[in-house]
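The values are calculated or read from the model by the stated rules, or taken from the named source; none is laboratory data. Computed from a predicted structure; not experimentally measured. Cβ placement follows ideal geometry from the backbone for every residue including glycine, while neighbour counts extend to all protein chains displayed. For the accessible areas, the whole protein counts, side chains as well, though only heavy atoms, and no ligand, DNA or RNA atoms are used. Shrake-Rupley method; radii C 1.70, N 1.55, O 1.52, S 1.80 Å.
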Amino acid sequence: FIPAYTWPFPVVSPDYAGWEDCLDMSEYAQKIALELPKDKAWYLIGHSMGGYVALALAKEFPEQVKSVVMLNSTAMADSEEKKLNRNKTMEFLQKLGTEAFIGPFVPNLFSKDFVEQHSSIIRKLIERYQHIPASGLVAASKAMRDRPAGLEFLTSTQIPFLFIHGDLDTLVPQI
């Protein structure tokens, strides 16, 4: 890992977990675009929801986006089962809050072996994210649940996309 300050280009890493005002991926993309340089090409890397936002940025600003990496993310819309799970997540967050949600959720982002071998990292991540406003996570869950599929865009755009999926990722469906 090379620290961001040594990279020969600017890195923008938006912290949108607490944003309550975005209703869909397009609104996340438009808000993030305000932080990006207008006079330079954008090379986007998005993990999980960040991939959904990167896809929306490519749709909204195709002249700016030169390439996209979607890491453990997908261009497919949520299945009906996934939508139900997101609804349950939103209900849980509204009733019990972020702290009760993050503890059990964070380990699901990693393989069982990683969780067992790196419990201190898991603890630090839980501590880091347990205070995100639940309303921001609810807004993000709604936007993820309701996002459209991007497969048609992928077949028509000249923007290169790279999808990186882990074999042990249980949250993104394997094709």
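What the table shows:
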{"quantity": "Identity of the residue in the range 112-154, hydroxyl-bearing (Ser, Thr, Tyr) and more than 19 Å from Gly51 (Cβ to Cβ), that ends up nearest to the chain's Cα centre (by Cα)", "calculated": "Ser135"}
{"quantity": "Lys83, sole failed condition from (1) outside any helix (DSSP H, G or I); (2) within 17 Å of the chain's Cα centre (by Cα)", "calculated": "(1)"}
{"quantity": "The range 55-80: number of residues that are of a type in the set (D, E, K, R) and under 22 Å from Asp167 (Cβ atoms)", "calculated": "1"}
{"quantity": "Residue match in the range 98-111 (condition: touching a residue at least 12 places away in the same chain (Cβ under 8 Å) and in contact with a strand residue (DSSP E or B) (Cβ under 8 Å, 6 or more places away or on another chain))", "calculated": "no"}
{"quantity": "Search result, residues across the range 57-76 that are open to solvent by 10 Å² or more (accessible area, probe 1.4 Å) and either part of a helix (DSSP H, G or I) or over 23 Å from Gln158 (Cβ atoms) (or both)", "calculated": "Lys59, Glu60, Asn72"}
{"quantity": "Ala29 vs. criteria farther than 19 Å from His165 by Cβ, in contact with an Asp or Glu (Cβ under 7 Å, 6 or more places away or on another chain) and open to solvent by less than 20 Å² (accessible area, probe 1.4 Å)", "calculated": "yes"}
{"quantity": "Any hit, the range 44-55, residues being of a type in the set (S, T, N, Q), surrounded by 11 or more Cβ atoms within 10 Å (Cβ to Cβ) and outside any loop (DSSP other than H, G, I, E, B)", "calculated": "no"}
{"quantity": "Subset of the range 137-156 (residues that are surrounded by fewer than 19 Cβ atoms within 10 Å (Cβ to Cβ), out of contact with any helix residue (DSSP H, G or I) (no Cβ under 7 Å at 6 or more places or on another chain) and not charged (D, E, K, R))", "calculated": "Pro148, Ala149, Leu151, Leu154, Thr155, Ser156"}
